[in-house]
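Quick notes on the structure that follows.
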Amino acid sequence: MFTGREKNDTRMLPMMPIRDVVIFPHMMTPFVVGRETSIRALDEALAADKKIFLATQHDASVDEPKPNEIYQVGTIASIIQSLKLPDGNIKVLVEGVERGKILKLSNEEGHFRVSVQTKQFRPVTTPSLEQLVQRATTLFEQYVKLSQSLNYETMMSAVKVDEIGKFTDTIAANLNVSIEEKQELLEIFDPVDRLTRLADILEIEIEKLNVDRTIQGRVKRQMERAQREYYLNEKIKAIQKELGRNEKSEIDELKKKIEAAGMTKDALDHAMAELKRLEMMPPMSAESTVSRSYLDWLLAVPWKKKSKEIRDITRAQQVLEEDHYGLEKIKERILEFLAVRQLVKNPRGSILCFVGPPGVGKTSLGRSVARATGRKFVRLSLGGVRDEAEIRGHRRTYIGALPGQIIQMMKKAGTVNPVFLLDEVDKMSMDFRGDPSAALLEVLDPEQNSTFMDHYLDVEFDLSKVFFITTANVVHTIPQPLQDRMEILRLEGYTEPEKLEIAKRFLVKKQREAAGLKAENLTLTDDGIVHIIRHYTREAGVRNLEREIANVSRKVARKVVKEGRDFKVTVGPDDLKEYLGVIKFRDTKTEEKNEVGLATGLAWTEVGGQILNIEATLMQGKGKLLLTGKLGDVMQESAQAAMSYVRSRAAMLGLDPDFYRRLDVHLHIPEGAIPKDGPSAGITLATALVSALTKIAVRRDVAMTGEITLRGKVLPIGGVKEKLLAAHRAGNRTVILPRDNEKDLADIPVNIQQELTIRFVDTMDDVFEVALDGKLESRPILVPGEVTPPAMETPSADLGREPMTN
């Protein structure tokens, strides 16, 4: 937009192409002329009116530009001064007069001559123009303040002119913009349009300068920090040099360790990349500590170091026998594993799970496996672990991150093939932080654990050579997928003879030494040990037994200190009250005579077998069945099944078919504070009930166990070994067992089988024949409505153990 007058003029002038500069009107610029064509044009101008046309060439690298390689708009300049230099070049000082456009260009007498058209504008001052001038002045002032190459006072005085064309050209000449943008401003003849475009360029340049200033401030701060760190690092290096230390040698040493560690290719690449990063970091930076810790962990875990494995089965068997008494099945499985190792070069890793009550030697058995195989042993307790990161570790992005316990234990072992005991695997839990048992699925899967990935290390680690052993007290709390990955071996509770042998072989000697006693100071008799087992402990293992022996040893040690080193004592059953106080548990004994309504049953508990004296009594009433003794649901149902069987067989048992209408029956199992449950007391309940109703006594030396059906069938039960040992301990010499349990005698010690008379039965008739001290007289009269029991069916065997005393 233009408001004012316009005047055009045309003239012929010598023309000089210039490089890397745009000459504006009213601008004084010095430059050197060296090209022949340019010198001739300059000489012509000097010989005439000292006027020359200056136009910028497109490409500054072209020495002899063609007419189409020169911008068509340039500036008519006046030559103020010229000076010939010794090298033949001429230094000139020119001042721009006005812009012009080339109408015609010719090459005459060895230089360019042009016909130039000039335009002169006389804009009329308007409020909008004044506002535009004010805007441009403000923007230029901001630009000068931000620019480091312009003097504020000089520039602001230079733009204090009344002519708008000179105002815009002065600003344009001092802008630090590209040649193209300056040429664009030169080609705008209308001063108002030129001023508008100039204001836009100023806004863009101010924005750029603000960004540059921000970046420069940031860079300056970083440089100051870097310079400070550099200074401190140089000082540290100087100090280390004085102390004889060398940081470079430390990096080289790390590199050698990494190359010698035997890492996998992936781990080696990670380690080398991290080492390069560490080398570029300042030693005192926090990131340097993180990288160094990571490299230390990569070097600390074993990648190729192995324990030399002992594959001598004879020696392994000897070690297992030295460390543990009994546990024959477990020992056989371990020896089988070693035999396979001898035949197969690279067998898959084994995962065994020892399940059993506390104190039976699960953890110590893991140590024995390590000793028998010559491997290192590490133990990780999983009790109460509820965070998945405990297994897999934390990622390095977290402050204080560490590898998981699996990698930490492998570092502790120092070999790739240790015996790794995961203790209390049944006591893990889960919360919002994850499920550790799910993380263990990879660890305990031979198909996957060769590529175990810890979050911290972030490289694959091979666990396939590790011999994993897990321990648990119960199986039902272990997730099914985890159970599926393990071979479960059950460690039953020790029998009384086994506990006696363990005490004689291991515990007495161990506790005697722990108390500082010699063998002659303390002698524990076999009867004394058995007395402790029966009356001061009640457990499946031997932990409390060891504790009580320790109590005896300490009291004897006190006497040795008091009486002298030559003090000797032999501790038997009668002496234990002095050392251990009153007995804690009473042993259930067989009754002294046969009694009516009293039958002896057998029960399994976690601490071994027990006998149950089941009492039945009759009272006048209306057929009510009373059950007492803190019986569980299953045991109550067994009693009801026994009652129904007796009622259905009343005539055959010699009973009045209507007896239940006039009598109440009360069944009671003593020690009522102890919970009791399970189906195996069924035949005992029925026997006690029949004895009470028929007034025939039950033999006191007979103990029995078995589940009863409504048709009188006797079903198999569990815990046979513990129950037979309980009967033997209590003095019962005849034991009634279901016929389907005959196969379980393979686990019973030979001496126990020889001392017991074991009778196998199929029906309750067989039980009565053995258990009752007299014969039953049947009534051949059928009561109206009575249904004769049909042929007995063979029910499915339930071999599971009762969870509680029964």
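Brief remarks follow.
- Cβ-Cβ distances below 6 Å connect the following pairs, each with a first residue in region 359-383 that is among the hydrophobic types (A, V, I, L, M, F, W, C), a second residue that is open to solvent by less than 10 Å² (accessible area, probe 1.4 Å) and assigned to a strand (DSSP E or B), and a separation of six or more residues or different chains: 369/419; 370/419; 377/419; 378/420; 380/422; 382/422.
- Wholly enclosed helices (runs of 4 or more DSSP H) of region 340-432 bearing at least 1 residues at pLDDT 85 or above and of a type in the set (A, V, I, L, M): 362-373, 405-413
- Selection over region 177-200 of residues that are in a helix (DSSP H, G or I) and free of Cβ contacts under 8 Å to residues at least 12 places away in the same chain gives a count of 2.
- Pick from region 114-136, criterion open to solvent by less than 70 Å² (accessible area, probe 1.4 Å) and in contact with a helix residue (DSSP H, G or I) (Cβ under 8 Å, 6 or more places away or on another chain), ranking: modelled with the lowest pLDDT: 123
- Selection over region 486-495 of residues that are touching a Cys at 6+ places or on another chain (Cβ under 9 Å) and either buried (at least 20 other Cβ atoms within 10 Å of the Cβ) or of a type in the set (Asp, Glu) (or both) gives a count of 2.
- In region 258-312, the residue that is surrounded by the fewest Cβ atoms within 10 Å (Cβ to Cβ) out of those that are in a loop (DSSP other than H, G, I, E, B) and of a type in the set (A, V, I, L, M, F, W, C) is 284.
- Residue ID - nearest to residue 716 (Cα to Cα), chosen from residues in region 592-610 that are at pLDDT below 70 and open to solvent by 20 Å² or more (accessible area, probe 1.4 Å): 606
- Filter pass, residue 175 being surrounded by 13 or more Cβ atoms within 10 Å (Cβ to Cβ) and in contact with a Phe, Trp or Tyr (Cβ under 7 Å, 6 or more places away or on another chain): no
- Of all the residues in region 31-83, those that are outside any loop (DSSP other than H, G, I, E, B) and open to solvent by 80 Å² or more (accessible area, probe 1.4 Å) number 8.
- Enumeration of residues in region 740-763 that are open to solvent by less than 50 Å² (accessible area, probe 1.4 Å) and assigned to a helix (DSSP H, G or I): 741, 744, 745, 752
- Residue, least open to solvent (accessible area, probe 1.4 Å), within region 238-252, restricted to residues that are within 26 Å of residue 273 (Cα to Cα) and at pLDDT 70 or above: 251
- Cβ-Cβ distances below 6 Å connect the following pairs, each with a first residue in region 720-749 that is within 20 Å of residue 328 (Cβ to Cβ) and touching a residue at least 40 places away in the same chain (Cβ under 8 Å), a second residue that is open to solvent by 40 Å² or more (accessible area, probe 1.4 Å) and not hydroxyl-bearing (Ser, Thr, Tyr), and a separation of six or more residues or different chains: 721/747.
- Filtered residue count, region 614-649, keeping only those that are open to solvent by less than 30 Å² (accessible area, probe 1.4 Å), free of Cβ contacts under 8 Å to residues at least 60 places away in the same chain and under 21 Å from residue 711 (Cβ atoms): 3
- Qualifying positions in region 293-321 - in contact with a helix residue (DSSP H, G or I) (Cβ under 8 Å, 6 or more places away or on another chain) and among the acidic types (Asp, Glu): 309, 321
- Region 421-460: number of residues that are over 17 Å from the mean Cα position of the chain (by Cα) and among the hydrophobic types (A, V, I, L, M, F, W, C): 1
- Only listed residue being polar (S, T, N, Q) and within 30 Å of residue 342 (Cα to Cα), chosen from 397, 415: 415
- Among all positions in region 113-122, there is no residue which is part of a helix (DSSP H, G or I) and small (Gly, Ala, Ser).
- Scanning region 148-157 for any residue that is of a type in the set (A, V, I, L, M, F, W, C), within 19 Å of residue 133 (Cβ to Cβ) and open to solvent by 20 Å² or more (accessible area, probe 1.4 Å) turns up at least one such residue.
- Within region 496-590, helices (runs of 4 or more DSSP H) holding 3 or more residues that are under 30 Å from residue 700 (Cβ atoms) and open to solvent by 30 Å² or more (accessible area, probe 1.4 Å): 496-502, 526-535
The values are calculated or read from the model by the stated rules, or taken from the named source; none is laboratory data. What you see is a predicted model, and the numbers here were worked out from it, not measured in a lab. When we count neighbours, we look across all protein chains shown, and the Cβ atoms used for this are built from the backbone with ideal geometry, even at glycine. Quick note on the areas: whole protein, heavy atoms, side chains included, nothing else; ligands and nucleic acids left out. Shrake-Rupley method; radii C 1.70, N 1.55, O 1.52, S 1.80 Å.
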